[in-house]
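Structure, as structure tokens:
The values are calculated or read from the model by the stated rules, or taken from the named source; none is laboratory data. Source: prediction; values computed, not measured. Cβ placement follows ideal geometry from the backbone for every residue including glycine, while neighbour counts extend to all protein chains displayed.
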Amino acid sequence: MSTVYALLFIVATIVLVLGLARKIVQYAKTPAPLKIPTTPAPVTQAGVVMRMFREVVFFESLFKSTKWTWIFSWMFHMGLFVVLARHVRYFVDPVPLPIALIQPFGIYAGFAMVAGLGGLFLRRIFVDRVRYISAPSDYLMLLLLIFIGFSGLMMAFLIHTDVVMVKQFFDGLFTFSGGELPMDFALIMHLTLVVVLMIILPFSKLLHIPGIFFSPSRNQVDNPREKRHLAPWAKKLEES
Amino acid sequence: MAKAKFETPELSEFVDVPNIEDGAMAHSTCFVAKPEHQEPLNFPGERVEDWHDKAIEKMGDLLSRYRSFRVYLDSCVKCGSCTDKCHYFLGTKDPKNMPVGRQDLLRKVYRRYFTFAGKYFPKLVGAADLTEEVLDDWYSYFHQCSQCRRCSVFCPYGIDTAEISMAAREILASVGVGQKYCNEIIAKVYKIGNNLGLPGPALADTLEGLEEDVYDEDEVAVKYPLDVKGADILLVTPSADFFAEPHVDGLIGYGKVFHEAGVSWTLSTTASEAANFGMFIGSYENMRRISLRVREAALELGVKRIVFGECGHAWRVAYSFLNTLAGPFDFLDPDYPVPQHICEFTWNEIQQGTLELDKSENDDKTLTFHDSCNVARATRMGDTPGGQFDIPRNVIKAVCNNYHDMEWDTIHERTFCCGGGGGLLTDDLMEIRVKGALPRMTALQNVMNEKGVTHMAAICAICKSQFTKVLPYYGMDMYQIVSVHQLVSDAIVLNRKTPPEEAPGYGEDDDD
Ligand code: HEM
Ligand code: SF4
Ligand code: SF4
């Protein structure tokens, strides 16, 4: 059983890394032929970095829009971020200082994440506009994350999985020396769902993660009069 | 065409976010382009036999050429943030007029043909085949988007439905299902030089008429020159400025400003149109061809600067795209940005003190300002971000004593489109135009009631035409919409008795 999981994790990691890399290369290679930043936009590259920072860390545009969505979404993402950071300790030894420092917040983050996801799920069901635009995959994605969070919290509070053993398993995975997973229900569910998430990420709307960095309306400098912007295929038009 | 039957929405103090009514605007459509409108633009005359395959092929082509299109189709998380931001949704309740609803019409096809999930699990991810019905939906709903970019302000990834609409329209046109209104106009630009099909002699006549009008009123010979070689400034303005009300009062104003500033300027017959409908139909090639006329006119007339008149989408193409499409402009005076907006020009002159302005001339009015969508969210004026909001207001306040803004969430980057932008300014789309104006009309009514505003100024030919038509539907007066330079025109004191053209040394390299 542990070997099966070891293999699953290897496959999932390969799919995730190659899948994302393929998309990133594709985005990077596709030209943006025209200057289309949503204005007012920064007039310098440094300004664009700041704008992107505010979008990624504070969800600035979402904040301008709907406060409820923003609260739930931000709780979920920040929760997720802290929880993910906290997971680093299962994979590396010794634990880096910043990870050790956020350790105490980990539990709150876990709850915040699940609560935020719950709020988003309710919004999807009860707001008729959001219900209209939701496909089955949109609900399933939220459920998947909710169950990941839920099973994680269960291990932290109810079942108390043998963390040392888990760590040895992943250690073994990295060194290809093998290792045993503790076979309790919460952990198996948690890991299975994480594998699923890793595999679907490059094929789903989770492409918003690389997407935001390539969004021309957010990542372009507002300087079309000062600097001529020309895509390679547009240049060819000029030569013909 | 028979007047369409529909009800104008009631104005109340707030625009409530409505409950959705599926299919409420499914009947809305506009005339399809005929072969004579399609072919000059290099599109097939009528719907091609293998439209399905050709449409998918075109989509693939656009995916490889436009990063925006590709990233936006992939990235939407269906968060719903944009759903209540579109004036057309607020005015019609049709969920396919929610920005994401509109995008999904195309996204579901993208997913079906271009993504793993959509190929193998179409039901799960809401992917669908491209059918006749889907194509009809595209035609209907992508002509209910004014490409105003309001949705992109509120989307966490900046997804701009305008980009999707443009791509959809290009796909439609490339399989032979173009829109008559836009394509007919573009064909006219190629043939005659402007959207209205106003030939050179008629233009010359009109301008002469303007000179007489101004002389009769002010007894000063303000010139409205056409095709004058060696002038400093080439003015490119929307052709509606040549005769439509209130546009023409704006043109009179530009002339007076140039006159008082003591600069020589000219219009051009071949580039007698600022608007560039190539953007509306998403066609880079057509947009470029239209833009190149401006470059050619500037070269031929030997001007040093290019200034654009009051027009919203035109200013987007001018400010954001002209350098790309028709640049580089290294043959012009490097001391000035290329192109400049007439408001930038006028504001500079006001700051330098070259204009004498009598604000009391506008005391019969209390003004507000409508930020045109494409000026607000796709361009800039001046050196600092947000100059596109401040500079027109500064100009208005320099020529008027009474000014009040509309509510904060309906101006600046949050401004609502007039309802007629992006190629919808045609009578066959009257219903969507009237309903889409609801949020702007509401904000205007509020500021009229609360602050006693009497007039709304705008710097866009489409906004001006649209409001002239739509204000009466909401029980207001069509003359309440005014040009910014109409206000300037009324306040400006003409101190310079001879036009700069008659000053010594003017136009020396001109043969006649
Ligand atoms: C670059 C970092 C990221 C940014 C800026 C970002 C931003 C956002 C925003 C603004 C939303 C909309 C919230 C909403 O649903 O209303 C969202 C949704 C979502 N994000 Fe992220 N995100 C990021 C990273 C991630 C990561 C790493 C995951 C990993 C699982 C993720 C999973 C999701 C999911 C599942 C939703 C959909 C929520 C729903 O269905 O309502 N995001 N993201
Ligand atoms: S661009 Fe404007 S008209 Fe089009 S969907 Fe977005 S908000 Fe609506
Ligand atoms: S705001 Fe952006 S991500 Fe959210 S539903 Fe609209 S288009 Fe999609």
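Some observations on this one:
- Members of segment B:1-18 that are touching a residue at least 24 places away in the same chain (Cβ under 8 Å) and under 16 Å from B:Gly436 (Cα atoms): B:Ala4, B:Phe6, B:Thr8, B:Pro9, B:Leu11, B:Ser12, B:Phe14, B:Val15, B:Val17, B:Pro18
- Residue match in segment A:122-132 (condition: part of a helix (DSSP H, G or I), free of Cβ contacts under 8 Å to residues at least 24 places away in the same chain and over 26 Å from B:Lys108 (Cβ atoms)): no
- Members of segment B:68-92 found to be within 16 Å of ligand 1 (Cβ to nearest atom), crowded, with 24+ Cβ neighbours inside 10 Å and of a type in the set (Ser, Thr, Tyr), listed by number: B:Tyr72, B:Ser81, B:Thr83
- Checking B:Ala204 against (1) within 16 Å of ligand 2 (Cβ to nearest atom); (2) of a type in the set (A, V, I, L, M); (3) in a helix (DSSP H, G or I), the condition it does not meet: (1)
- Selected residue (only one of B:Gly158, B:Gly209, B:Gly193 is part of a loop (DSSP other than H, G, I, E, B), within 25 Å of B:Cys460 (Cα to Cα) and more than 14 Å from ligand 2 (Cβ to nearest atom)): B:Gly193
- Of all the numbered requirements in (1) away from chain A (no Cβ under 13 Å); (2) closer than 27 Å to A:Ile212 by Cβ, B:Gly118 misses one, and that requirement is (1).
- Out of A:Phe72, A:Phe76, A:Phe59, one residue alone is within 12 Å of chain B (Cβ to nearest Cβ), free of Cβ contacts under 8 Å to residues at least 40 places away in the same chain, surrounded by 13 or more Cβ atoms within 10 Å (Cβ to Cβ) and touching a helix residue (DSSP H, G or I) at 6+ places or on another chain (Cβ under 7 Å). It is A:Phe59.
- Complete set of residues in segment B:87-107 that are near ligand 3 (Cβ under 10 Å from one of its atoms) and either within 23 Å of the chain's Cα centre (by Cα) or acidic (Asp, Glu) (or both): B:Met98, B:Pro99, B:Val100, B:Arg102, B:Gln103, B:Asp104
- In segment B:349-384, the residues that are surrounded by fewer than 17 Cβ atoms within 10 Å (Cβ to Cβ) and within 14 Å of chain A (Cβ to nearest Cβ): B:Asp383, B:Thr384
- Segment A:87-134: number of residues that are away from every other protein chain (no Cβ under 14 Å) and within 16 Å of ligand 3 (Cβ to nearest atom): 0
- For B:Pro201, the conditions (1) surrounded by fewer than 24 Cβ atoms within 10 Å (Cβ to Cβ); (2) in contact with an Asp or Glu (Cβ under 9 Å, 6 or more places away or on another chain) all hold with the exception of (2).
- Scan of segment A:18-55 for residues that are surrounded by fewer than 21 Cβ atoms within 10 Å (Cβ to Cβ) and either over 27 Å from B:Met166 (Cβ atoms) or within 16 Å of ligand 2 (Cβ to nearest atom) (or both), ordered by number: A:Leu18, A:Gly19, A:Leu20, A:Ala21, A:Thr44, A:Ala46, A:Val49, A:Met50, A:Phe53, A:Arg54
- Positions within segment B:328-339 being within 22 Å of B:Tyr284 (Cα to Cα) and in contact (Cβ under 8 Å) with a residue 24 or more places away in the chain, in sequence order: B:Phe329, B:Val338, B:Pro339
- Checked against the criterion of being more than 16 Å from ligand 1 (Cβ to nearest atom) and crowded, with 20+ Cβ neighbours inside 10 Å, the candidates A:Leu117, A:Leu181 yield just one match: A:Leu181.
- Filter result for B:Phe321 (in contact with a Leu (Cβ under 8 Å, 6 or more places away or on another chain), more than 17 Å from B:Leu267 (Cβ to Cβ) and more than 13 Å from chain A (Cβ to nearest Cβ)): no
- Residues within segment B:22-73 that are over 30 Å from A:Val25 (Cβ atoms) and assigned to a loop (DSSP other than H, G, I, E, B), tallied: 21
- Residue satisfying all of: in segment B:399-411; touching a helix residue (DSSP H, G or I) at 6+ places or on another chain (Cβ under 7 Å) and crowded, with 18+ Cβ neighbours inside 10 Å; farthest from B:Leu357 (Cα to Cα) among these: B:Thr410
- In summary, A:Lys67 fulfils each of the numbered conditions (1) within 13 Å of the chain's Cα centre (by Cα); (2) over 30 Å from A:Lys167 (Cβ atoms); (3) free of Cβ contacts under 8 Å to residues at least 12 places away in the same chain with the single exception of condition (1).
- Members of segment B:96-106 that are within 10 Å of chain A (Cβ to nearest Cβ) and among the basic types (Lys, Arg): B:Lys96
- Among residues of segment B:136-150 that are at positive phi, those with a beta-carbon under 6 Å from a residue that is basic (Lys, Arg) and within 16 Å of ligand 3 (Cβ to nearest atom) at least six positions away or on a different chain give the pairs B:Arg149/B:Arg377.
So that you can scan it fast, the table gives a plain yes or no per residue for (1) in contact with a Leu (Cβ under 8 Å, 6 or more places away or on another chain); (2) modelled with pLDDT of 95 or more; (3) away from ligand 3 (no atom under 16 Å from the Cβ):
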residue: A:Tyr27; (1), (2), (3): no, yes, yes
residue: A:Ser61; (1), (2), (3): no, yes, no
residue: A:Thr66; (1), (2), (3): no, no, no
residue: A:His77; (1), (2), (3): no, yes, no
residue: A:Ala85; (1), (2), (3): no, no, yes
